[in-house]
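Beneath this line is the structure, given in structure tokens, with notes to follow.
Where a number appears in this text, it was derived from the coordinates with a stated rule and is not lab data. Here the structure is a predicted model, which means the values were calculated and not measured. Note that we place each Cβ from the backbone using ideal geometry, even for glycine, and neighbour counts take in every protein chain shown.
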Amino acid sequence: QLVAFLQPLCRGKRAEGHFVFSEYETFRKACGQETSDAAGFFCGQFLAEWVCEQAFARFRRPVPSGMDGLHLEAGEGAYESLLPPAYPQKDFGFALGHLLEHNPEYARRFRNFDYLVLHGFQIRDVSFLQFCPRLETLRLSSNRIERLPGFFSRFENLRFLNLADNRLTGFSGLAGLRELRGLNLQNNRIQGTTLLNPVLKLPELLEFSLAGNPLGGELEPLINTTEPTESLRRLRERLLHPPEMAAVQGGSFRMGNLDGWESPENWEYKSDWEKPVHEVRLRDFHIGKYPVTLSEYRKFIHATQYVTTAERVGWSLVLNGEKQDWEITEGVNWRHDAFGKKQPNGRHPVLYISWYDAVSYCNWLSREQGLEPYYGVDEAEENPGNLNDEERDSFKWTVKERPGSNGYRLPTEAEWEYAARGGQKSKGYAYAGSDDLDEVAWYWANSGYLRLSGGWNKESLIANDCQTHPVGQKKPNELGLHDMSGNVLEWCWDWFDEGYYQQFENQPVDNPAGPESGHYRHVRGGSWSINGEFCRVAYHLRYFPGIGSDSIGFRLARTVSLLFFLASRSFL
């Protein structure tokens, strides 16, 4: 019956509008002269090719300009109507996979595709996608896909994925799509949130739609929105808490540095600040695996209506591309990116946060999780230890530690350096996790479109559109901490005093927390905009506590009891 159907279609036909078309003679001879197994194979191959080419001819839509690919859309029942009589395989995905596996010409074309849409077919088997390694846009909506293959996470270039109206029950394979910007999983059969958190942490994800899935419970109102950006924001704020913390086993280490970079005599930031090298002994503590993100900080703002210091004074320090210098810029605050534009990606580290804003976040998060706030904050009482005038710090809040509290806090400078070095697991790297800065950090030379070389300069920084990046993209250090040597500088608790450590040169010090007064608070860790030398784990920087900057964020820490610490560690 199939042969009778195909014979008049195939005789003498050439592939008008198709990539390739098997010769009828090849098919006829195979069926008539080969063994039954071989004849069956050639018949299956021929039929798969015929079905695919009919679909290509009937359902083709234009591909966007500048892209190489295939766009097929079939209405309800349309694909089934083109199938030949008694054709046993209804799955278009199977036919397409069969074609690509055995037809080198088709396989070659598909390997170059960066765009593929197959909407409205009875696709269950998506193994054919292994022939499309360069895809940037993939839409397989209105099919019958129940699960994704293991190789799916290897689509390194995939930016937009639409799997709406299928039969998926989970998120397997999606967490590895590091370049994904948009994800549509509407109207599937996803019932739980297993592995949802890794998807929410995808660094470039800006739009995510889960409407129409039976997630149940309190997540239903979060996903039932027609605005995928809003849905993603809601899910991240609800599920990405508490922050991921790493347990740091205390011990002693040599803090500071004698070797390496020497600052010029007139340089504002001195390499002498790293001296003397001295012994520090620290207790156990926890520290955040990532800097606090914009999405996390937004939840605090929405919950408390807190007004940041940048919003109170009306400005922040921003790198101005036209004037090629940092300057006071009105209206820029925690909502903005490094050049003062609205930041759409909540996975970037939050910017323009003063030291006071960071402390306020710590206390709020502690209360949210039933912990005792670590800081006592009095906005009305001027801190006598703050030596700044009104121009440099118009706030001067009194902030006192509560050492017995179990809430979140800022790390001390010594804790920060110890953790950045890798704690007891340290391998002695210059940067946090490597001697190769590009492996572990976003800094001025690699945070833009091109890899810059030569000496640091503002002109190249601006022309290359250097920026912050989503947290966690670079290799972690020995403790599993990301972005300790770049992306953003991070506030520490301590006041800055360049001579503070001289007193400890010949004696160990336990859990130092810095001097009692000063003009500046310590910031550590390097950033997207600065020289690689500033990204070393030993390097010290400082900043006025009441001013927000395009290069400064913060990371959380906690003092924990021994029992809590032991429970949080895994012993192998």
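Where a ≥ b ≥ c are the square roots of the eigenvalues of the C-alpha gyration tensor, would you call the range 416-572 rounded, which needs a/c under 1.5, or, failing that, prolate if a/b is larger than b/c, or oblate? Walk me through the numbers on the way to the answer.
Details: a/c = 1.88, a/b = 1.31, b/c = 1.44.
Oblate is the answer for the range 416-572, as a/c is 1.5 or above yet b/c matches or exceeds a/b.
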Problem set entry | Estimated vicinal HN-Hα couplings, Hz - the range 305-312 in sequence order (Karplus 6.51, -1.76, 1.60; Gly, Pro = x) | 6, 4, 10, 5, 5, 5, 6, 5
Seminar exercise, completed: Residue by residue through the range 345-357, the couplings from Karplus 6.51 cos²θ - 1.76 cosθ + 1.60 with θ = phi - 60°, in Hz, x for Gly and Pro, are 9, x, 8, 6, x, 5, 10, 6, 9, 6, 4, 5, 5
Exercise. So in the chain, what percent of DSSP beta bridges are antiparallel if you round to the nearest 5?
Worked result: 60 percent
Exercise. Once amide H atoms are built 1.01 Å from N in the peptide plane, which residues 5 or more positions from residue 442, or in another chain, come under 5 Å H to H?
Worked result: 486, 487
Exercise. Calculated from DSSP H runs of 4 or more alone, at -39500 (n - 2.57) each and per residue, what is the 222 nm mean residue ellipticity of the chain, nearest 500?
Worked result: -7000 deg cm²/dmol
For this session: Would you kindly derive the ³J(HN,Hα) couplings of the range 65-82 from the backbone phi angles with the Karplus curve 6.51 cos²θ - 1.76 cosθ + 1.60 (θ = phi - 60°), listing them in order in whole Hz, with x for Gly and Pro?
Result: 4, x, 10, 10, x, 9, 10, 10, 10, 10, x, 4, x, 5, 5, 4, 5, 8
Problem set entry | Approximate spin-label separation residue 459-residue 302, in nm, with each point projected 7 Å along Cα-to-Cβ | 4.4 nm
Problem set entry | Gain on full stretching of the segment that runs from residue 379 to residue 224 - 0.36 nm per residue minus C-alpha separation | 51.7 nm
Exercise. Once the Cβ-Cβ distance between residue 368 and residue 342 is put in as r, and R0 is 22 Å, what FRET efficiency do you end up with, to the nearest 0.05?
Worked result: 0.25
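Can you tell me how much longer the chain between residue 503 and residue 398 gets when fully stretched, taken as 0.36 nm per residue apart minus their C-alpha distance, in nm with one decimal? Kindly include the intermediate steps, with their values, before the conclusion.
Values: separation 105, 0.36 × 105 = 37.80 nm, distance 2.65 nm.
Contour length minus Cα-Cα distance gives 35.2 nm.
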For this session: Excluding residues fewer than 8 places away in the same chain, name every one of the aspartates and glutamates whose C-alpha is closer than 13 Å to that of residue 275.
Result: 259, 262, 497, 498, 505
Exercise. Considering amide H positions built from the backbone, and no H for Pro or chain starts, which residues 5 or more places from residue 117, or on another chain, come under 5 Å of its amide H?
Worked result: 70, 71, 72, 139
Exercise. Based on the alpha-carbon gyration tensor of the range 442-529 and its eigenvalue square roots a ≥ b ≥ c, which shape applies: rounded if a/c is under 1.5, prolate if not and a/b is larger than b/c, or oblate?
Worked result: prolate
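Take the alpha carbon atoms of the chain, find their radius of gyration, then divide it by 2.2 N^0.38 Å using N residues; give the quotient.
Details: Rg = 29.6 Å, N = 572, 2.2 N^0.38 = 24.6 Å.
In units of the 2.2 N^0.38 Å rule of thumb, it is 1.20.
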Exercise. Check residue 285: other-chain or 5+ apart residues with amide H under 5 Å from its amide H, H built from backbone geometry?
Worked result: 248, 250
For this session: Specify whether the C-alpha gyration tensor of the range 76-182 places it in the rounded, prolate or oblate class, a ≥ b ≥ c being the square roots of the eigenvalues: rounded for a/c under 1.5, otherwise prolate if a/b is larger than b/c and oblate if not.
Result: oblate
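Tell me, in nm to one decimal, what length is gained between residue 389 and residue 439 on full extension, where the rule is 0.36 nm per residue of separation less the Cα-Cα distance?
Numbers: separation 50, 0.36 × 50 = 18.00 nm, distance 4.11 nm.
Contour length minus the Cα-Cα distance gives 13.9 nm.
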For this session: Check the straight Cα-Cα distances from residue 341 and name the lysines below 17 Å, setting aside those fewer than 8 residues away within the same chain.
Result: 323
Problem set entry | Order by protection proxy (mean Cβ within 10 Å, highest first), peptides 476-486, 122-132, 66-76 | 476-486, 122-132, 66-76
